[in-house]
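Here, each number is a calculation from the coordinates, and none is a lab measurement. None of these values were measured; they are calculated from a predicted model. Because the Cβ atoms are built from the backbone with ideal geometry, glycine has one as well, and the counts that use them run over all protein chains shown.
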Amino acid sequence: MYLLILKRLLQAIPTLWVIATATFILMQLIPGGPFDIEKDIPEEVQALINAHYGLDLPRHEQYFRFLEQRLRGDFGPSYKYAGWDVDEIIAQSFPVSLELGLYALLVALTVGTPIGVLAALRHNRPSESVLMGFAMLGICLPAFVLGPILIMVFSMQLGWFNPFGWNTLGDRVLPVVTLGLFYAAYIARLARSGMLDVMRLDYIRTAHAKGLAQKAVVMRHALRTALYPVVAYLGPAVAGLISGSFVVETIFFIPGLGSFFVNSAFNRDSTMVMGTVLFYAVLILFFNLLVDLIQMWMNPRTRHDD
Amino acid sequence: MMTRLERELASTDARSLGRDAWEQLCANRMARIGGGLFIGIALLCLIGPFFVPHSHETTQLAYGAQAPSWTHWFGTDELGRDILVRTLIGGRISIGVGFAATMVALLIGVVYGMIAGYYGGRIEAAMMRFVDTLYALPFTIIVILLTVLLGRSILLIFLAIGAVEWLTMARIVRGQTKALRKQTFVDAAIVGGAPTRRILARHILPNLLSPVIVFTTLTIPAVILLESVISFLGLGVQPPTSSWGILINEGAVKLDIYPWMLIFPALFFSLTIFALNFVGDGLRDALDPKSMGES
């Protein structure tokens, strides 16, 4: 167990190094520096700015400086938001994104799982089609379609929520639903097919045969096994929630890391883009490890794979 | 007089790759419905604009922001451009990018996966480690990075999308090729002196058909979605060229006053994704023996 964690952590190092190096090279290849927009400043000032950010050093020195900084957890100054370090921006905006993402994941699990399980238990009945029709709808309505529609209905027509912002608890409802619905739908589909597979197995028939009520069979015996695919999906889901938050944060004007990332891509704020990408990479690797551990805890058979 | 083997060979030869794929596609009801819907939308986008007496580019400020009417079925935007035509033209871009980028992904992924799976050993380990590394990040992040690097023209967008979508294809193809490599007919081909390229093209590739078809049909909607997300964020296709992502973005900004600007492009977009997912799911059910009997 601990050996596996250690092994995975060691595996993460080359991955992070490659990503860090790749982002560095990509940013170097971009024509034009981050300060080329301000054309009217004198050359001496330009040189001073470049010197301040270390842009006048030879490429390889910039690279080593870059790697050394990252190792210390220093992501360098933002080129666009003067006076701010990238880590400061991340520290301030990431909690917002994390809150949004966790709520969305919670909604996805608490809505998606029961729908999928119920649909499987009502297999080949009309109620199954209704439940899975909802799931299909969620999959075909991406965040950037659903978000504006929700604003149109619940903010403009009904006036229940603010159309944007992130101040009150009510402000969180629409973004969380927008981000979570797709995952709720996907989890419903996974839970349904997992449940269908399990209900065919012998040990479930045994449980029925010894006279257990349907509810007890499902809750105590079937559910745990049926939800393996859902747990396995949590890793990709976290990665998806991260990139989904770009869109949702843009639509609802939420000051999270996603909107900062999109803005910095606009402004070619290279330290900000590189820093954020690296941060996301660490985050995703961490969550994947976490999901693997949950899987091993739930399903003893996966413990001996590695 | 033909031997039994010869007859069998002759009968399998008569079915071309394309015909095989087509028959599998038609066999499934879900795939047929989804496919019909999608072909309808695609045809509408392709030839529809010729029949609408408005241009998607000409701005007529006098007719700005009109609600849907008999002259403008879907209404107009603030600059007086007809939303119907803009939606159809945007659909050409979105669907076009979807197919082109999928073809890029298909080509790279199949070749890469076949080589990795066929040769095995260190080559495979190195090749797949590279894929795993890129896999550590969500595709959207990589595509945004690439658009920052490459610029924002349509061609570069679809290259950037193709450059990430091949990863999954490569993984699937590698796994299948590894299994096929152990089959005796491959050994027979090697013993028969066939060059590696011929073995890959004539013996391995045809057997990869089903998983590749299924995955391709599921990749197209994923690519259309990815392009629209990037364009919606303003990092993709740039105006005056439009795609569904851009139209939905424009509509989302004005949704409180001109809701039709959002509704119609969003409807077309969602229907397309819906139809293509139907085709993909139907095909997967038809071709994957594991999921048979369900749904």
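Determine the sum of side-chain charges near B:Ala105: Lys and Arg each +1, Asp and Glu each -1, restricted to other residues whose C-beta is under 15 angstrom from that of B:Ala105.
In short, 0.
Dipole size in debye (nearest 20) for segment A:158-294 around its Cα centre, Lys and Arg Cβ +1, Asp and Glu Cβ -1?
Once rounded to the nearest 20, the dipole reads 720 debye.
Mind jotting down the distance between the C-alpha centroids of segment A:248-305 and segment A:190-220, whole Å?
Using only Cα atoms, the two centres lie 36 Å from each other.
What is the Cα centroid distance between segment B:223-255 and segment A:161-185, reported in whole angstrom?
If you average the Cα positions of each part, the centres end up 21 Å apart.
Tally Lys/Arg at +1 and Asp/Glu at -1 over every other residue whose Cβ is under 14 Å from the Cβ of A:Leu241; what's the total?
Summing Lys and Arg as +1 and Asp and Glu as -1 gives -2.
Counting Lys and Arg as +1 and Asp and Glu as -1, what is the net charge of the other residues whose Cβ lies under 14 Å from the Cβ of B:Phe50?
Summing Lys and Arg as +1 and Asp and Glu as -1 gives 0.
Once you put a point 7 Å from the Cα of A:Thr21 and another 7 Å from the Cα of B:Ile47, both along the Cβ direction, what distance in nm separates them?
In this crude spin-label approximation the distance works out to 5.4 nm.
Can you tell me the length gained on complete extension of the stretch B:Phe185 to B:Ile123, counting 0.36 nm per residue apart and subtracting the Cα distance?
20.0 nm
Select from A:Pro148, A:His208, A:Met136 the residue farthest towards the positive end of the dipole of segment A:136-218; place +1 on Cβ of Lys and Arg, -1 on Cβ of Asp and Glu, and compute about the Cα centre.
Checked the options; the winner is A:His208.
If r is the Cβ-Cβ distance from A:Leu290 to B:Met103 and R0 is 41 Å, what FRET efficiency results, to the nearest 0.05? Present the calculation step by step, with values, prior to reporting the outcome.
Details: r = 37 Å, r/R0 = 0.90.
Between A:Leu290 and B:Met103 the formula returns 0.65.
Please pull out the direction-averaged projected area of segment A:56-188, using the convex hull of its alpha-carbon atoms, in nm² to one decimal place.
12.6
Within segment A:163-238, list the trypsin sites (Lys or Arg not before Pro) lying in a DSSP loop whose Cβ has at most 16 other Cβ atoms in a 10 Å radius.
A:Arg200, A:Lys210
If you wrap a convex hull around the alpha carbons of segment B:182-295, what volume per residue comes out, as a whole number of Å³?
Convex hull of Cα atoms, per residue: 148 Å³.
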